[in-house]
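Worksheet for the structure shown next.
The values are calculated or read from the model by the stated rules, or taken from the named source; none is laboratory data. Quantities reported herein were computed from a predicted structural model and do not represent experimental measurements. Glycine gets a Cβ as well: all are built from the backbone with ideal geometry, and neighbour counts include every protein chain shown.
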Amino acid sequence: MKNAPTPVLVLDGDMIPSLAVTRSLNRKGIPVDLAHADNIGERPIASYTRHARKTLTYPDPLSEPASFAEWIQEQLRSETYRLILPVTERTLVVLARHPERSAWTEQIPIPPRSALERVLVKSQTLELAESLGVPYPARELVTDIARLEQLAEDIEYPVVLKPQSSISGGIDSGLAQLSVDYAFNRDELLKKGRNLLERTVLLLQQYVRGEGVGVELIAEHGEIRLAFQHRRIHELPLSGGGSCYRESVAVDPALLDASSRLIAALGWHGVAMVEFKRDPRDGRFWLMEINGRFWGSLPLSVAAGADFPWLLYRLYTEGTLKDRLPTVRTGIHCRKLADDLTWYEHVARGVGDPRLFKRPPATRLLGQALAVFTPGHRFDVQSLRDPRPGLVDLHRIARGYLRRVTDGLRHQLDKRRRASPRERRRIARLLAPARRILFVCHGNINRSALAEVLSRRLLEGDDIEVRSAGFHPVQGRPADPNMVACAREQGVDLGGASSTVLDKQLLDWADLTFAMETRHLERLRELSPQALTKAALLGSLAPDGGDPEIPDPYGQPAERYAACYARIERCISSLANIVKPDRLDGQSPNAL
């Protein structure tokens, strides 16, 4: 009698590709257990699959990498599993960089260390591409602020800001997951670039317009055994990101040739995705990056016949993939339903930056939506053969939209109440005895900092003291340079402003606290249950009425800063006229 296969442990069980891996292997008769970090909150959708025997938890690989590695070693010592499969870089990086990795090569599919590092470090990937003649966008490696400031004057915008590696830090110090960003002007580049330079080396890359294309593959010691290609139809965020709707297409010979040269030079062993962008006007392609792991669109690969999880299992258990390779189908569509609904919502609301995303025609949007009824359409999660994960996903989607609707209605009612004359009278009653006034916003570098400086011109003295603070956890940040410039045009100096972190002691100090948004009021309640009895929205004092919230201009065009300044100035004038009507006689803060 043939022995039953030894089980496999699939990591990153909170990610949808892990569900695809689990379904794939179990349908081939392999027992599968799922595992995920113990701090993710809601039970992962993948854990509802009938294809997993059980679900385990492990310490968070990013915040507790050493504990996570010890947990993995315990699983290996137990000899329970034939293979342990990391699905994302969160787990792969920790295991690949661990001192004991050489002892794990039989049970954990990790590409050769030197090859993986050249893939993880984006500048090394592009250096390899350059040596092989594979086209890639112009790039600059930035290691310090001085170089960033120098480049900011001459670089072509928009520019892509990429962390040198998407996972930064070390096994001993802890890891952090970083993401790609965009800058459209010098100020944005300096702000966002400084942020990233605090945690990693920065890669500035030319922004390339075009269609996202992925060549997924499995290689055996540098030789591609099977390649599969998809094109991205919908990406989230709209400016460019993971695909939530994509199609399997015939492998482009030029892209396959470029991928083959890269994989051969790396001596790659295992699965990978080589990501390109292709300009539809001339067909020219550019290398974006190489993902040395399973990818987000894996469910499409499996649905189209390119069963990479099963092929990876065979590669590590049989030692070779020289025969029995599957036939791959083109024209298969697959979508991640929750994210794709968000994509349609963002398109409808115009969320995408028009400088990076052009809204498709309505007819195309409708056609892509109706594609769900075609025979070649699949879903990442929903499956008739394994219905529970899909039903849970649908329930969470519906719950999320219902919560947003009810929260939105509640929010609108609250805003109407706070814009009413009754609320204005309540604020006047609170102001009458107040001698200590606090202004609060998120970062204390724009709105509340400006409110403090303007109100000092009108209120301080006569035993009235004014302060400001924010929820951002970093103390001592300077005021936003854009707001400093905006205030300077009005004769107001914000240059000396420095952020303060809001705490309960400061809240208790204040006789009256003015917030900028209703969500700030909820956060005040979290710090001190009594806070709302002596708190209000500053925008409730706007003489022209309207929305009582004052939105954050951070990262927005200059006109947003100017509008924010003008609104806060009017509100502070109203506040001061309530406190000292005879002295002020309707003057603005700039008039004094």
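Is it true that Asp252 is over 17 Å from the mean Cα position of the chain (by Cα) and at pLDDT below 85?
No; evaluated as a whole, the condition is false for this residue.
In the set Val381, Val466, Val392, which member is modelled with pLDDT of 90 or more, of a type outside the set (Phe, Trp, Tyr), in a helix (DSSP H, G or I) and at negative phi?
Every option except Val392 fails the conditions.
Does segment 11-33 hold any residues that are in contact with a Leu (Cβ under 7 Å, 6 or more places away or on another chain) and under 24 Å from Ser243 (Cβ atoms), and which are they?
The answer is Leu11, Gly13, Pro17, Ser18, Ala20, Val21, Thr22.
Quick one: would you say Leu34 is of a type outside the set (Asp, Glu), in contact (Cβ under 8 Å) with a residue 24 or more places away in the chain and not in a loop (DSSP other than H, G, I, E, B)?
Considered against the rule, which asks whether it is of a type outside the set (Asp, Glu), in contact (Cβ under 8 Å) with a residue 24 or more places away in the chain and not in a loop (DSSP other than H, G, I, E, B), Leu34 comes out as yes.
Test Ala371 against the criterion of being more than 24 Å from the chain's Cα centre (by Cα), among the hydrophobic types (A, V, I, L, M, F, W, C), in a helix (DSSP H, G or I) and within 16 Å of Cys244 (Cβ to Cβ), and give yes or no.
yes
Would it be correct to say that Gln382 is farther than 23 Å from Leu19 by Cβ, touching a residue at least 40 places away in the same chain (Cβ under 8 Å), buried (at least 16 other Cβ atoms within 10 Å of the Cβ) and not aliphatic (A, V, I, L, M)?
So Gln382 does not fit the description; no.
Mind listing whichever residues of segment 372-402 are of a type outside the set (Val, Ile, Thr) and in contact with a helix residue (DSSP H, G or I) (Cβ under 7 Å, 6 or more places away or on another chain)?
Result: His377, Arg378, Phe379, Asp380, Gln382, Ser383, Asp386, Arg388, Pro389, Asp393.
Does at least one position in segment 448-461 carry a residue that is in contact with a strand residue (DSSP E or B) (Cβ under 7 Å, 6 or more places away or on another chain) and exposed (fewer than 14 other Cβ atoms within 10 Å of the Cβ)?
Yes.
Can you name every residue in segment 235-250 that is buried (at least 17 other Cβ atoms within 10 Å of the Cβ) and of a type in the set (Val, Ile, Thr)?
Correct list: empty.
Which pairs have Cβ atoms under 8 Å, sit 6 or more apart or on different chains, and link a residue in segment 389-410 that is under 18 Å from His346 (Cα atoms) to one that is surrounded by 13 or more Cβ atoms within 10 Å (Cβ to Cβ) and acidic (Asp, Glu)?
none
From the list Arg447, Arg429, Arg436, which one is closer than 23 Å to Arg194 by Cβ and in the same structural domain as Leu575 (by TED's automatic domain parsing)?
So the residue among Arg447, Arg429, Arg436 that is closer than 23 Å to Arg194 by Cβ and in the same structural domain as Leu575 (by TED's automatic domain parsing) is Arg447.
Report those strands (runs of 3 or more DSSP E) wholly inside segment 193-279 carrying at least 1 residues which are among the aliphatic types (A, V, I, L, M) and without any contact (Cβ under 8 Å) to a residue 40 or more places away in the chain.
In segment 193-279, the matching strands (runs of 3 or more DSSP E) lie at 223-236.
Restricting to segment 128-169, name every residue that is in a loop (DSSP other than H, G, I, E, B) and under 17 Å from Phe285 (Cα atoms).
Matches in segment 128-169: Gly133, Val134, Pro135, Tyr136, Pro137, Ala138.
Just checking: which of the helices (runs of 4 or more DSSP H) contained wholly in segment 492-587 hold 3 or more residues that are surrounded by fewer than 22 Cβ atoms within 10 Å (Cβ to Cβ) and without any contact (Cβ under 8 Å) to a residue 12 or more places away in the chain?
Answer list for segment 492-587: 518-527, 558-579, 581-584.
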